[in-house]
1. Return one number: the angle in degrees, 0 to 90 and rounded to the nearest 10, between the long axis of the Cα atoms of helix 79-94 and the longest principal axis of the Cα atoms of the chain.
2. Given a 1.4 Å probe, how much area per residue of the range 339-381 is accessible, in Å²?
3. Could you tell me which of the pairs K162/K215; K215/K243; K2/K378; K185/K215; K116/K378 are separated by over 19 angstrom between their Cα atoms in the structure shown?
4. Give the percent of DSSP beta bridges with both residues in the chain that are antiparallel, rounded to the nearest 5.
5. Applying 1/(1 + (r/R0)^6) with R0 = 35 Å to the Cβ-Cβ distance of M373 and D78, what FRET efficiency is obtained, to the nearest 0.05?
6. List, in order, the whole-Hz ³J(HN,Hα) value for each residue of the range 4-15 obtained from phi through the Karplus relation with A = 6.51, B = -1.76, C = 1.60 and θ = phi - 60°; use x for Gly and Pro.
7. What pairs from K124/K170; K133/K170; K170/K219 go past 22 Å between their alpha carbons?
8. Which one, G94, V36, V81, projects farthest toward the positive side of the charge dipole computed for the chain from Cβ point charges (K/R +1, D/E -1)?
Amino acid sequence: MKITGVETYILQGLLQDKAFGWSQRVTDRRQTALCVVSTDDGIQGLGEAFYYATPAKIVAHLISDGYAPLLIGRDPLDNAVIWDFLYNWTRDQGMKGLPISALSAIDIALWDIKGKALGLPVYKLLGGAYRNKAHVYATGLYQPQNVPSIEDALVEEALGYKEDGFFAMKLKVGYGIETDMRYVKAVREAIGNDIVLMVDANHAYNAVEAIRLAKEMEKYDVYWLEEPVPPEDIEGYIEVKQKSNILIAGGEDEFTRYGFRELIARRAVDILQPDLCAAGGFTEMMNIVAMASAWNVPLAPHVWGTNVGLAASLQLFAVLPHFPERRYPADPFFEYDRSPHPLREGVTEERFEMSDGYLDIPQRPGLGVSLDMDFVRKHAL
Ligand SMILES: [Mg+2]
């Protein structure tokens with residue numbers, strides 16, 4: 001089999017009155033970059049690149065102008081060889097960030113091809129499923145815009161997740177400790193003590209501030225504090241982790257086995273959060289998972305894309321080992337983004353339905369989803 005083409009799609013959906021903010025900025029739109037890798041025997045693979053704050057066209061250009069010409073004529077089943085080749089191609093200026101997101105999308109597409117060629121879901125090719133469904137927590141509780149009371153809006157949203165059957169939810173913080181504590185108190189008191197509550201600062205603080213926040217939040221039974229400090233501040237992570245009674249999570253802004261080597265070997269976080277669509281795709285994620293396993297640091301993967309990235313992340317989630325193996329192993333958390341996203345569901349023919357707090361892991365070949373091309377063309381920039 002040979003790769004004959006790579007197409008990229010940059011999609012945008014405007015949020016209208018659903019613009020939302022977090023500790024770094026406010027967004028009025030969602031975008032995504034999808035890629036479709038075609039082969040000479042007619043199989044196509046899908047991938048999605050994670051981007052957060054940059055226009056999706058930058059990562060799409062890295063795929064179409066940077067990597068695509070290097071892929072034509074190669075065997076898509078040679079995923080690991082291709083990964084190393086592409087990584088080395090941009091290594092000098094692309095060890096982290098968008099070049100790796102672009103590479104992730106391509107790698108995901110190659111695994112989709114491999115699964116379709118062999119008639120098996122990706123998780124089977126990665127070693128088999130530890131689980132066939134994912135216990136999902138709701139990511140949401142961003143800062144809504146133009147509402148009379150942010151706290152009232154957060155409470156209403158949180159009660160909605162409880163009503164929907166979520167066992168856990170994640171609240172954005174990082175607006176200053178006083179504001180954060182008002183939000184945490186309001187949400188915790190609204191949802192009661194039976195729901196797991198996590199918070200995410202999106203690296204808004206220095207270590208001293210983050211330690212203070214962690215101490216003040218203790219009485220509200222916060223399960224983890226995510227990205228307390230900037231991703232480059234490994235010493236800060238270690239300091240916060242040592243002085244906090246709340247678990248420290250991080251890793252959505254880290255890339256490849258080389259980046260995660262630091263977070264893992266220095267024991268900078270309690271919970272690792274690599275994003276499949278950013279950290280390097282399936283090929284590299286399996287390297288990261290192996291390192292995490294060797295250091296016994298559990299993973300709760302970061303997931304924040306459309307149904308393409310969601311389907312891919314569910315395939316990976318199936319193969320996450322236990323940290324550690326035991327008679328009654330812990331059920332890992334799967335991130336289910338519930339923030340406004342006009343493109344999330346429509347891009348695929350398939351829909352994901354939560355049932356009793358779980359999402360099923362797709363059993364069809366490859367990622368288990370197919371693009372709705374009418375929808376994709378309609379929203380393509
Ligand atoms: Mg986060």
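The values are calculated or read from the model by the stated rules, or taken from the named source; none is laboratory data. Given the structure is predicted, the values throughout are model-derived calculations rather than measurements. Counting neighbours? That spans all protein chains shown, and the Cβs are built from the backbone with ideal geometry, glycine included. When the accessible area is computed, the model is the full protein with side chains, heavy atoms only, and any ligands, DNA or RNA have been set aside. Shrake-Rupley method; radii C 1.70, N 1.55, O 1.52, S 1.80 Å.
1. Computed tilt is about 60 degrees.
2. 52 Å²
3. From K162/K215; K215/K243; K2/K378; K185/K215; K116/K378, over 19 Å: K162/K215; K2/K378; K116/K378.
4. 55 percent
5. 0.80
6. Going residue by residue, I get 10, x, 9, 10, 10, 10, 9, 10, 9, x, 7, 8 Hz, with x marking Gly and Pro.
7. Among K124/K170; K133/K170; K170/K219, the Cα-Cα distance tops 22 Å for K124/K170.
8. The residue sitting most towards the positive pole is V81.
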